[in-house]
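To start, the structure itself, in structure tokens.
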Amino acid sequence: MTPKTQKSLLTQVVLLGLGVLGVWTQTPPLAAADREQLWSAAEAQRHGLVRAWFGQVQMDPARSRVQDLCLYEDIFLVQTDRAILHAFEAETGRTQWAVLVGSATRPSLQPAINSQLVAIVNGSTLFLLNRIDGKILWKTQLDGFPGAGPTLANDRVYVPMLEGLIYSYHLQPAKDPREALGELRASSRKKQKESPEERRTRMAELRLSQEKVRPVVCQSLGHTMTPLQVGFEDAREQLVVWPSHLGYLFIGVFDKLEEKLTIRHRLQTEKAISAPPAYLPPDPKKRAEGGVFFTANHDGYVWAIAEKSGNILWKFATGRTIERSPTLIDEQLFVTTLDGGMYCLEASTGKLIWYVPEVVQFVTASKDRVYAVDKLSRIHVLDRTKGNRLDAFSVLGQILLTNTENDRIYMATPSGLVQCLHEIELAQPVEHGAARKPKQQRPAIIQQEAFPKTEEKEQPAQPPEEKQPVPKAKAKPKAEPEEKPEEKLEKKPEEKPAGPEAQPEEPAEEKPEANQEKPPAKEKEANNPFQF
């Protein structure tokens, strides 16, 4: 080998080493395919949009793919087929957390989110995570095969099983052991003005009880393969609805006093229902009347059902197969068909407002526009009032989120590139259904505080008041027949106000009893861990 050849080989080795070192020391760039699908500012502006942010899911693009997209309030959640959950801030794109939940070799179902928890089923295990930091708070093994992802309510989680069973688990925050010793007490007091940082810190302190919870079970007909929808809730009951592959729609009621889940109403259709229903909450002025569920089946029919009475309010026929859930935006109901075509209906009456062909998925809506995608992965920009097409652009290779929360367009590539677009003039998101959106009782953290020392000083100051009326009671010899009702009053302190005709002994004994009864009453109100 000549010296010239040796020098050439040495140069190649050095260049190769520098290239490898650059790969190790620098952040890896986006893949070529992702760079082509990343929207530029000029391209977005041509369609009246702006790219708010973009990000990369923490995943191995060579081994996994994006599976599900979820949005709730200020969190945008991406799930991969390798059990990775990645949480972004919905408006800024900043990563909140990314964790592996369960086993990467087992399938994960679509997650559910509420104000403080994330629920997900991996294999046959149900996991509950803290929404703030992604820490696993609780998990349990399901007895059977889950048919769909879980659904979160205020203090419960529902899991549909493949054989038609509905499991309902009660969620209880863990208690500080010092509370049982009397050193701490639970308090539901909350600051009137709480900064976002303080609220985030307080919410991150939530811990769930690790005691084994037996589920409340309800049996229905057919296979349950879609998540449940939670409806009306008050202090006594909570309504949930779910469909089956046999074409039934069940409206169940969970009795909070009896801890029992039963079916109240059932709608029988001719074809399968393969998507969860949409829900219109009741008018705040007529809350007792309940809300309305909207469902559609493979036969092409759309129903509006009153959740309290189970009556069919209206029925609309499209004549085409419907496999997606109806989408409710304010007072408009959007229904897309399998072979293409979207109907805009009046939610209160079922009257057709407009129809456009080709569209197969609703994406989002702003004040004046509706965004929907067709089979060729083109987004159609439609006039919200009349349905006229204003613009169209390609989103080939993107997974699009059906956004019912606000006007943002969220999309992701299978390899994990996430983007958020919105109209140029809408710097702040347009919230949908804010007037009727139910105020969810957030699972508040048990805020525990030490008993103030002033209370310990007040308790020994009470006995001198009891000794003063004692001589008056002894001055009457005929007190024996009246002592019996006094003993009964001691056993049932609630009935004391109903005894104004008692002798002077009673007021003297009522005062200390009343002082002793008031603190426990406050503790009962404070011990509700799911209430601010």
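Taken together, the values in this text are just the output of simple stated rules run on the coordinates, not laboratory data. What you see is a predicted model, and the numbers here were worked out from it, not measured in a lab. Here the Cβ positions follow ideal geometry from the backbone for every residue, glycine too, while neighbour counts run over all protein chains shown.
Using 26 Å as the Cα-Cα cut-off, could you pick out the over-long pairs in 135/308; 271/351; 135/256; 175/212? In this structure, 135/308; 135/256 lie more than 26 Å apart at Cα.
When each of 78, 57 is scored by the number of other beta-carbon atoms lying within 10 Å, the sequence from fewest to most is 57, 78. Working from Cα pairs under 8 Å separated by at least six residues, relative contact order for region 298-438 is 13 percent. For region 280-290, 3J(HN,Hα) computed residue by residue from phi via the Karplus equation (6.51, -1.76, 1.60; θ = phi - 60°) reads 9, x, x, 5, x, 7, 10, 4, 5, 6, x Hz, glycine and proline entered as x. Between residue 45 and residue 170, the modelled label-to-label distance comes to 5.9 nm, taking each label 7 Å out from Cα in the direction of the beta carbon. Under a 5 Å amide H cut-off, with hydrogens placed 1.01 Å from N, residue 97 pairs with 87 among residues at least 5 apart or on other chains.
May I ask you to list the trypsin sites (Lys or Arg not before Pro) in region 209-292 that are in a DSSP loop and have at most 13 other Cβ atoms within 10 Å of their Cβ? In loop regions of region 209-292 (DSSP not H, G, I, E or B), the sparsely surrounded trypsin sites (Lys or Arg not before Pro) are 212, 236. For region 318-329, 3J(HN,Hα) computed residue by residue from phi via the Karplus equation (6.51, -1.76, 1.60; θ = phi - 60°) reads 9, x, 9, 5, 10, 10, 9, 5, x, 10, 9, 10 Hz, glycine and proline entered as x. Amide H to amide H, with H built 1.01 Å from N, residue 172 comes under 5 Å of 209, counting only residues 5 or more places away or on other chains.
Distant-in-sequence amide contacts of residue 399, defined by a placed amide H-H separation under 5 Å and a gap of 5 or more residues or a different chain, comprise 412, 413. With a simple spin-label model that places each label point 7 Å from the Cα along the Cα-to-Cβ direction, the separation between residue 65 and residue 434 comes to 3.9 nm.
Does region 52-121 come out rounded, prolate or oblate, given a ≥ b ≥ c as the square roots of the eigenvalues of its C-alpha gyration tensor, rounded meaning a/c under 1.5 and, failing that, prolate meaning a/b above b/c?
Verdict is oblate for region 52-121.
If the segment from residue 385 to residue 210 were pulled out straight at 0.36 nm per residue, it would be longer than the present Cα-Cα gap by 57.8 nm. Once both labels are positioned 7 Å from their Cα atoms along Cα-to-Cβ, the gap between residue 355 and residue 256 label points is 4.4 nm.
Along region 247-255 the Karplus relation, 6.51 cos²θ - 1.76 cosθ + 1.60 evaluated at θ = phi - 60°, assigns HN-Hα couplings of x, 9, 10, 9, 10, x, 10, 9, 7 Hz to successive residues, with x for each Gly and Pro. Among the GluC sites (Glu not before Pro) found in region 44-139, those both in a DSSP coil and sparsely packed, with 15 or fewer other Cβ atoms within 10 Å of their Cβ, are 73.
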